[in-house]
Structures are given as C-alpha cells and as structure tokens.
Amino acid sequence: MAYDDQNIFAKILTGELPALKVYEDDQVLAFMDIMPQADGHTLVIPKAPATTLLDLDPEIAAYTIQVVQKIAKAIESALDAKGIVLMQLSGAAAGQTVPHVHFHLIPSSIHQLGRHAATPGDPAVIQAFADKIKAALATQ
Ligand code: AMP
C-alpha cells in the first residue's frame, strides 16, 4: 500500500507533531500512546516509511522487535507488570487507525483492554509513566 507521508506518526518522526518519547535510535522510536488502553501503553515504530507490517523490510522488522523486547522489559520492571499485551494491527480492516506500522505494548490483560484509540488519557499521568519507563531503560 502506498505510504501516506502526512500520517500522524510520520509527522512525529519529522518533529512536526510532539510525542512523549521514551526511546529513540537511528531506526526506531518508542513513545507513549495518547489514548492509552492501560497505564504505560507504549508504541514502538520503525522510522522506515511502511504502512503495515507486511510492507516492512524484514531486517528492519527484526530489529524493531528487538526494541519491542527492550521496551517491554522496561515496562515490566517500571510498572511491575505481570503481563504485556503486544498488539500489531495491519490494515484498516483490522482496525489500524494510523497508517504507519507500529507495535502496541499494553501492560494489561487481553480480558481487560479498554476501547481502542478512543479516550484521550491525562497528559500528566501519561508523562509520569513515560518517566518511569525511561528510568527503567536507563538501568538496562
Ligand atoms: P492503530 O489503531 O493500531 O493504528 O493504533 C494507533 C494508536 O495511535 C492508537 O492507540 C491511538 O491512541 C494512538 N495515537 C493516535 N494519535 C497519537 C499521537 N499523536 N500520539 C501518540 N499516540 C497516538
């Protein structure tokens, strides 16, 4: 599928839109979801322009998963999470709302997830969880 370079995450990557970043390197960015389905809901995206996981270069996908694992470990220790839902929606038909491939890390249970991309969280609360996750990453 043709990549829309005006999508929200593309604009976060260029700096046109703000994000509560918890991790960044030359290939991947992790930031807080602004409509979290649980406290600590974090998104991990490759910087490469790909709409869905199916469009993503396999080597970049593999590296992105390494970062997903790193962030998941930080969430686990920062929030004392007993489990983390890893979700990846590919295609609007699957419910994908932002057309730049991303992985959701949601410290919760599949049985307790809130509504998807529906309710904005309190920015101060989201910031506090971002700070905790960043502090945990700093100790890895
Ligand atoms: P999906 O529906 O799988 O494409 O997920 C997109 C996610 O991005 C949803 O969980 C939204 O809450 C989240 N989201 C939308 N806009 C922003 C934004 N500006 N910053 C952070 N997260 C966002």
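The values are calculated or read from the model by the stated rules, or taken from the named source; none is laboratory data. Bear in mind the structure is a predicted one, so any value in this text is a computation, not a measurement. Here Cβ is always computed from backbone atoms with ideal geometry, including for glycine, and neighbour counts include all displayed protein chains. Note: accessible area is taken over every heavy atom of the protein model, side chains too, but ligands, DNA and RNA are not part of it. Shrake-Rupley method; radii C 1.70, N 1.55, O 1.52, S 1.80 Å.
Structural remarks
The rows are residues; the columns are (1) within 16 Å of the ligand (Cβ to nearest atom); (2) open to solvent by less than 60 Å² (accessible area, probe 1.4 Å); (3) touching a residue at least 60 places away in the same chain (Cβ under 8 Å).
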{"residue": "V68", "(1), (2), (3)": "yes, yes, no"}
{"residue": "I71", "(1), (2), (3)": "yes, yes, yes"}
{"residue": "K82", "(1), (2), (3)": "no, no, no"}
{"residue": "L86", "(1), (2), (3)": "yes, no, no"}
{"residue": "A92", "(1), (2), (3)": "yes, no, no"}
{"residue": "H102", "(1), (2), (3)": "yes, yes, yes"}
{"residue": "Q112", "(1), (2), (3)": "yes, no, yes"}
{"residue": "A117", "(1), (2), (3)": "yes, yes, yes"}
{"residue": "A124", "(1), (2), (3)": "yes, no, no"}
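- In the stretch 13-44, of all residues being of a type in the set (S, T, N, Q) and within 15 Å of the ligand (Cβ to nearest atom), the one that is nearest to the chain's Cα centre (by Cα) corresponds to T42.
- Residue match in the stretch 45-52 (condition: within 10 Å of the ligand (Cβ to nearest atom), under 17 Å from Q127 (Cβ atoms) and not in a strand (DSSP E or B)): no
- Across the stretch 45-64, the number of residues qualifying as open to solvent by 50 Å² or more (accessible area, probe 1.4 Å), without any contact (Cβ under 8 Å) to a residue 24 or more places away in the chain and hydrophobic (A, V, I, L, M, F, W, C) comes to 1.
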